[in-house]
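Everything on this sheet refers to the single structure shown next.
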Amino acid sequence: MKNLVSRYLLVLFSLFSPLPAFLLPQSPSTESGSQLAAKWTLVIHGGAGGPAKGVMPAEKEKAYLDEMSAVLQAGAKLLENGGTSLDAVEMCVKMMEDSPLFNAGKGAVFTAEGKNEMDAGIMDGKMGKAGAVAGVTTIKNPVAAARAVMEKSEHVMLIGEGAEIFARKQGLEIVDPSYFFTKDRWDALQKVLQKEKEKQPGDAEKHGTVGAVALDRYGNLSAATSTGGMTNKMKGRIGDTPIIGAGTYANNRTCAVSATGHGEFFIRHVVSYDISARMEYLNESLSAAANYVINEKLKSQGANGGIIAVDKDGNIAMTFNTNAMFRGSVTANGKSEVAIY
Ligand code: ASP
């Protein structure tokens, strides 16, 4: 009897629910009469900044392009087979965290004290749910921990030791901090420290943050971002990556965004949410919103960086105001590209 009453109440509630559409469970799209839409889109980045064209050795450029192609290929397979955008962005970011080429997971940059402190964030645009970790030093894949925070805790963000205890309890892989070391990043820190000593402006290789955004065949958007932050950052500094709305944001009504660049500016300008808000309230297209925020607003503040984004219709933006942004995209029609400059 009690069951019957509660079921009745549930039906009544869902009939008259004031919840916004994006919070309600969505049934798979029925485009062209089939269960799933044919359309899906995946965009990734491996950080903005980087050297001007011609400075990076050709074989290093090739290594980046090959790695991004492999990530796109794996993500494309997942989405084509009806996988969710959430699984796709987590998997792509994990692959880039595992690659020493990028400033996330293995290959993260060093703090001024010579440690790796990492941040990651993830957001599910269908449910409006988000998760993040910050300042973690032993979680092999910070993005997996961010997803666990979103799905297995009451919270949105966990930091430092608390995040690590939680990740361990969730059965995520824990590694010794030395796992994240790469000589390239260590040398980059030494270069910046030396320049500081000589009172020269430091311009370390700061690019390398990774991110992914996707639209799946159910019409759902997701975003994920992971980073070691910025070379020579202060112990305890947290960037935009794990701040929902700054470095990572997804909303089925508008778009999914993952950012890279000088985090302090991206936090102050709430960059990812700003792009979504311009679409929602000003009816701007994704490319107009992204272009305004990155090339006008941030640029006028002297802020470097870029974003990747996909909107609910599968339109793509890869917008940056730096020399380079490691980036790539693939869509259901087989169109795929990777680029640096
Ligand atoms: N946005 C990152 C941060 O500030 C760094 C980057 O994208 O290069 O932590």
For region 118-140, does any single residue satisfy the condition of being surrounded by fewer than 17 Cβ atoms within 10 Å (Cβ to Cβ) and free of Cβ contacts under 8 Å to residues at least 12 places away in the same chain?
no
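For (1) under 22 Å from Thr231 (Cα atoms); (2) within 16 Å of the ligand (Cβ to nearest atom); (3) part of a helix (DSSP H, G or I), each residue gets a yes or a no:
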position: Gln35; (1), (2), (3): no, no, no
position: Ala52; (1), (2), (3): yes, no, no
position: Val55; (1), (2), (3): yes, no, no
position: Lys62; (1), (2), (3): no, no, yes
position: Leu65; (1), (2), (3): no, no, yes
Please state which of the following conditions Val55 fails to meet, knowing it meets all the rest: (1) open to solvent by 60 Å² or more (accessible area, probe 1.4 Å); (2) at pLDDT 95 or above; (3) closer than 17 Å to Ala324 by Cα.
(2)
Can you tell me which residue within region 310-331, out of those that are within 16 Å of the ligand (Cβ to nearest atom) and either part of a helix (DSSP H, G or I) or touching a helix residue (DSSP H, G or I) at 6+ places or on another chain (Cβ under 6 Å) (or both), is least open to solvent (accessible area, probe 1.4 Å)?
Phe326
Sort out which residues of region 266-302 are in contact with a Gly (Cβ under 7 Å, 6 or more places away or on another chain) and not hydroxyl-bearing (Ser, Thr, Tyr), and write them in order of number.
Phe266, Val270, Ile294, Leu298
Taking the criterion of being basic (Lys, Arg), out of contact with any helix residue (DSSP H, G or I) (no Cβ under 6 Å at 6 or more places or on another chain) and free of Cβ contacts under 8 Å to residues at least 40 places away in the same chain, would at least one residue in region 279-297 satisfy it?
yes
Would you please name the residue that is most open to solvent (accessible area, probe 1.4 Å), looking only at residues in region 216-230 that are near the ligand (Cβ under 10 Å from one of its atoms) and in a loop (DSSP other than H, G, I, E, B)?
Met230
Can you say whether Val293 is closer than 17 Å to Arg327 by Cα, among the aliphatic types (A, V, I, L, M), open to solvent by less than 60 Å² (accessible area, probe 1.4 Å) and within 16 Å of the ligand (Cβ to nearest atom), as far as the supplied structure shows?
no
Within region 231-271, how many residues turn out to be in contact with a Ser or Thr (Cβ under 7 Å, 6 or more places away or on another chain), within 23 Å of Lys312 (Cβ to Cβ) and either open to solvent by 60 Å² or more (accessible area, probe 1.4 Å) or within 11 Å of the ligand (Cβ to nearest atom) (or both)?
6
Residue in region 187-208 that is open to solvent by less than 50 Å² (accessible area, probe 1.4 Å), within 14 Å of the ligand (Cβ to nearest atom) and closer than 27 Å to Val310 by Cα present
yes
In region 66-90, residues that are of a type in the set (Ser, Thr, Tyr) and surrounded by fewer than 22 Cβ atoms within 10 Å (Cβ to Cβ) total 2
Scan region 27-52 and report the pairs whose first residue is under 17 Å from Leu79 (Cα atoms) and whose second residue is modelled with pLDDT under 85 and outside any loop (DSSP other than H, G, I, E, B), with Cβ atoms within less than 9 Å and a gap of 6+ or a chain change.
Ala37/Glu31; Ala38/Glu31; Ala38/Ser32; Lys39/Glu31
Being open to solvent by 10 Å² or more (accessible area, probe 1.4 Å) and not hydrophobic (A, V, I, L, M, F, W, C) is the filter here; which residues of region 101-117 pass it?
Lys106, Glu113, Gly114, Lys115, Asn116, Glu117
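The values are calculated or read from the model by the stated rules, or taken from the named source; none is laboratory data. Everything numeric in this text was worked out from a predicted model, so none of it was measured. Cβ coordinates were reconstructed from backbone atoms using ideal geometry, including for glycine residues, and neighbour counts include every protein chain displayed. For the accessible areas, the whole protein counts, side chains as well, though only heavy atoms, and no ligand, DNA or RNA atoms are used. Shrake-Rupley method; radii C 1.70, N 1.55, O 1.52, S 1.80 Å.
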